[in-house]
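Heads up, the thing below is written out as structure tokens.
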Amino acid sequence: MKVGIKDVLAALDADQEKYFPAGLDAELKIVKKIWRPYSRVFRIESCSQNIPSYFWVKMFKVPRGFQKKADKYLGRLQTEYDITMRLQDVFADIPKIDVIAPLAFFRKYGAVVTWESKGVPLSDLIDKYARLWSNHKHDDALFDYVFKCGKALAHMQDYTMQDELYDPAELIDYMDIRLQRLVKNKKAPFTKADRAQVLRFVEREITQINPEELRICGVHSDFATFNVLAEDGHITLTDFTSYKTGSPYVDLTYFYQRLGGFLHKPVFRENFIHQLQKAFLTGYGISGIEQHRMFTLSLLRHTINNFSSLVRNRRGGIGKMPMPHVQLFNRRIFRIYSEWIQEVCA
């Protein structure tokens, strides 16, 4: 039987007491559809006591012959639903910081349902207001948003912190797979000597890590400005599909690095972007954390991973070549990454 959005809406409507305690004044209405390669996303209008509200339904489309991949993806949706449910209470008393609110998860339909949150991606605001010619009147608002992002991350990590310790030796295998790809790819300005230099640096550094830097906690895995909605001094964390357990430095340095990534385009204010990075770390609340060895190693991990992904053209899609201007831009990034890696690992 073909499963569609009507099955999901029928399931929600059949259990109004659970999903819509105030009742529904009218049928659930589809107001927007988004087609994606492996999913269908729908914006739904509901109305209770004459007050309209909106939620989103994301349905996974199982490709023929890819059941194993489908099971993995559905497991990730289940994890996203479970962790966002847990985090609702955790952030209930934190002013102007929220986590996207789940409504339902229907594994048999491959669908996760979440309430709509107000705001626009923080990345869009930075892209608009951090440029060389941007009006500086928005600067304080952006500082406040990234400060709250740091505070939110620290709060989530405190709640999910575990007693186990992270094995930093995992970094060697993770990085070396990608380092070898860089060496093999002629588009990358990266040599066997560069690879050996990085590995020597990592092996030396992990023997000197402070044990306090090796705790593990919940990891969002895609914690960046494009997954934070911002409006009127309020932020909402979204997209926990890749949530797992790992080092707290993973999310910390990923957000930090992605902020720095705006500077790959020379149209942004360099000093302002660096101030945003500082405000984020201030919100996180651990003075001098950028001096931690795990901070540097995790930042190196992200840089090598992104370097490898760009060189392999993964962002262009399977079988797709980037346009010439994109290839030129990527070569600029390759040079930036290569020079930074050599500087750090010298």
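Listed conditions (1) more than 30 Å from Leu153 (Cα to Cα); (2) of a type in the set (Lys, Arg); (3) surrounded by 14 or more Cβ atoms within 10 Å (Cβ to Cβ) are all met by Arg43, apart from (1).
Quick check on my filter: what residues within region 16-29 are over 17 Å from Gly4 (Cα atoms), assigned to a loop (DSSP other than H, G, I, E, B) and either of a type in the set (Phe, Trp, Tyr) or free of Cβ contacts under 8 Å to residues at least 24 places away in the same chain (or both)? It would help to see each step written out before you state the result.
Just the residues of region 16-29 that are over 17 Å from Gly4 (Cα atoms), to begin with: 16-26.
Those left that are additionally assigned to a loop (DSSP other than H, G, I, E, B): 20-26.
Residues satisfying the conditions are Phe20, Pro21, Ala26.
What do you reckon, is Leu9 assigned to a helix (DSSP H, G or I), in contact with a helix residue (DSSP H, G or I) (Cβ under 7 Å, 6 or more places away or on another chain) and at pLDDT 95 or above?
Working: assigned to a helix (DSSP H, G or I): yes; in contact with a helix residue (DSSP H, G or I) (Cβ under 7 Å, 6 or more places away or on another chain): no; at pLDDT 95 or above: yes.
Answer is no for this residue.
In region 136-150, how many residues are among the hydrophobic types (A, V, I, L, M, F, W, C) and surrounded by fewer than 16 Cβ atoms within 10 Å (Cβ to Cβ)?
So the first thing to find is which residues in region 136-150 are among the hydrophobic types (A, V, I, L, M, F, W, C), and the list is 141-143, 146-147, 149.
Narrowing the set further to residues that are surrounded by fewer than 16 Cβ atoms within 10 Å (Cβ to Cβ) leaves 141.
Count: 1.
When the residues of region 7-40 are filtered to those that are among the aromatic types (Phe, Trp, Tyr) and over 22 Å from Met85 (Cα atoms), which remaining residue is surrounded by the fewest Cβ atoms within 10 Å (Cβ to Cβ)? Talk me through it step by step, then tell me what you get.
If we filter region 7-40 for residues that are among the aromatic types (Phe, Trp, Tyr), which is where we start, we get 19-20, 35, 38.
Next, only the ones that are over 22 Å from Met85 (Cα atoms) stay: 35, 38.
On the way: Trp35: 8, Tyr38: 13.
Checked region 7-40; the qualifying residue surrounded by the fewest Cβ atoms within 10 Å (Cβ to Cβ) is Trp35.
Do we find a residue being buried (at least 18 other Cβ atoms within 10 Å of the Cβ), among the acidic types (Asp, Glu) and assigned to a loop (DSSP other than H, G, I, E, B) anywhere in region 231-244? Yes - at least one qualifying residue is present in region 231-244. Restricted to region 46-60, and to residues there that are surrounded by 14 or more Cβ atoms within 10 Å (Cβ to Cβ) and farther than 17 Å from Ala101 by Cβ, the residue that is modelled with the lowest pLDDT is Phe60.
Tell me, please, whether a residue that is more than 20 Å from Ile83 (Cα to Cα) and acidic (Asp, Glu) can be found in region 228-249. Yes; the residues of region 228-249 include at least one that is more than 20 Å from Ile83 (Cα to Cα) and acidic (Asp, Glu). Restricting the search to region 247-270, which residues are touching a strand residue (DSSP E or B) at 6+ places or on another chain (Cβ under 6 Å) and surrounded by fewer than 16 Cβ atoms within 10 Å (Cβ to Cβ)? Matches in region 247-270: Val267 only. Touching a residue at least 24 places away in the same chain (Cβ under 8 Å), of a type in the set (Ser, Thr, Tyr) and touching a Gly at 6+ places or on another chain (Cβ under 6 Å), is that true of Thr79? Considered against the rule, which asks whether it is touching a residue at least 24 places away in the same chain (Cβ under 8 Å), of a type in the set (Ser, Thr, Tyr) and touching a Gly at 6+ places or on another chain (Cβ under 6 Å), Thr79 comes out as no.
Taking Ala154 as the residue in question, decide whether it is modelled with pLDDT of 95 or more, assigned to a helix (DSSP H, G or I), under 22 Å from Phe334 (Cβ atoms) and not basic (Lys, Arg). Spell out the reasoning first.
Values: modelled with pLDDT of 95 or more: yes; assigned to a helix (DSSP H, G or I): yes; under 22 Å from Phe334 (Cβ atoms): no; not basic (Lys, Arg): yes.
No; evaluated as a whole, the condition is false for this residue.
Out of Lys96, Lys58, Lys32, one residue alone is charged (D, E, K, R), in contact with a Lys or Arg (Cβ under 7 Å, 6 or more places away or on another chain) and without any contact (Cβ under 8 Å) to a residue 60 or more places away in the chain. It is Lys32. Scanning region 219-230 for residues that are outside any loop (DSSP other than H, G, I, E, B) and within 13 Å of the chain's Cα centre (by Cα) returns Val219, Thr225, Phe226, Asn227, Val228, Leu229.
Only one of the listed residues (Pro248, Pro266) is over 30 Å from Asp71 (Cβ atoms) and of a type outside the set (Ser, Thr, Tyr). That residue is Pro266. Where helices (runs of 4 or more DSSP H) sit wholly within region 248-346, those with at least 3 residues that are polar (S, T, N, Q) and modelled with pLDDT of 95 or more occupy 270-284, 293-311.
The values are calculated or read from the model by the stated rules, or taken from the named source; none is laboratory data. Just so it is clear, the structure is predicted and the values come from calculations on it, not from any experiment. As a convention, Cβ positions derive from the backbone with ideal geometry for all residues, glycine included, and neighbour counts pool all protein chains shown.
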